[in-house]
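The values are calculated or read from the model by the stated rules, or taken from the named source; none is laboratory data. What you are looking at is a predicted structure, and each value in this text was computed from that prediction instead of being measured. Cβ coordinates were reconstructed from backbone atoms using ideal geometry, including for glycine residues, and neighbour counts include every protein chain displayed. Calculation scope for accessible area: heavy atoms of the full protein, side chains included, ligands and nucleic acids excluded. Shrake-Rupley method; radii C 1.70, N 1.55, O 1.52, S 1.80 Å.
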Amino acid sequence: MAIKLIVGLGNPGKDYQAHRHNAGFWFVEALAHQLGASFNKQSKFFGETSEALLANTKVRFLKPQTFMNCSGQAIQALANYFNIEAEEILVVHDELDLNPGTTKLKKGGGHGGHNGLRDTIKALDSKEFYRLRIGVGHPGNKNEVVNFVLNQPSTKELALIEDSMGDAISVINQIVEGKFEEAMKQLHTVQGETNGI
């Protein structure tokens, strides 16, 4: 099944733009920029949207403007409007369990404590959407997680994160075409990850 919607998770506004929690926004912005597409506010979708041709398929991009904890509202609104199934959605988000420099593809699963994923699962009434997990690292202390994701990565970490996003963009056509195994293998090989997802 092809991907018809790519959602970047994050928090709206300049105060949050540089935070680790906005890695999903960074990805869809970089992808849209590379494709010459720009985002426009769409109040009926509670977010900013764009679209472009990828692998000869019209793919919509979404940045929810509802704040992370209510991301599902925007995703559900757009998916319902265009009759997009959960299995045709790729949600891009920051991942504490992966180090900067690593991105991994995954289908289904729980939310792992990520509030954006939690709300998306609730809104779609499904866990069966695809995820692109962008590693941002972990503070080492569970009590520091909120402060950690709501702060900027170091210059070195940011460079690693941007490199890993570039790796993911290089396989985006395979992802959109539904060639997930092929995309995962290529992505994990490029990043030296040989242990699957």
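Of the residues making up region 56-86, those that are hydrophobic (A, V, I, L, M, F, W, C) and open to solvent by less than 30 Å² (accessible area, probe 1.4 Å) are Val59, Phe61, Leu62, Met68, Ala74, Ile75, Ala77, Leu78, Ala79, Ile84, Ala86.
Taken together, the residues in region 115-158 that are open to solvent by 50 Å² or more (accessible area, probe 1.4 Å) and under 23 Å from Ala77 (Cα atoms) amount to 6. Condition first: open to solvent by 70 Å² or more (accessible area, probe 1.4 Å), over 22 Å from Leu160 (Cβ atoms) and charged (D, E, K, R). Can you find one or more residues in region 2-12 that meet it? Scanning region 2-12 turns up at least one residue that is open to solvent by 70 Å² or more (accessible area, probe 1.4 Å), over 22 Å from Leu160 (Cβ atoms) and charged (D, E, K, R). Among all residues of region 100-114, there is none that is open to solvent by 20 Å² or more (accessible area, probe 1.4 Å), under 27 Å from Leu158 (Cα atoms) and of a type in the set (A, V, I, L, M, F, W, C). In a residue-by-residue description of region 6-24, the property of being part of a helix (DSSP H, G or I), within 19 Å of Pro153 (Cβ to Cβ), out of contact with any helix residue (DSSP H, G or I) (no Cβ under 7 Å at 6 or more places or on another chain) and touching a residue at least 24 places away in the same chain (Cβ under 8 Å) applies to at least one position. On inspection, His93 does not qualify as modelled with pLDDT under 95 and within 14 Å of the chain's Cα centre (by Cα).
Only one of the numbered conditions (1) open to solvent by 90 Å² or more (accessible area, probe 1.4 Å); (2) part of a helix (DSSP H, G or I) is not met by Val28, and that is (1).
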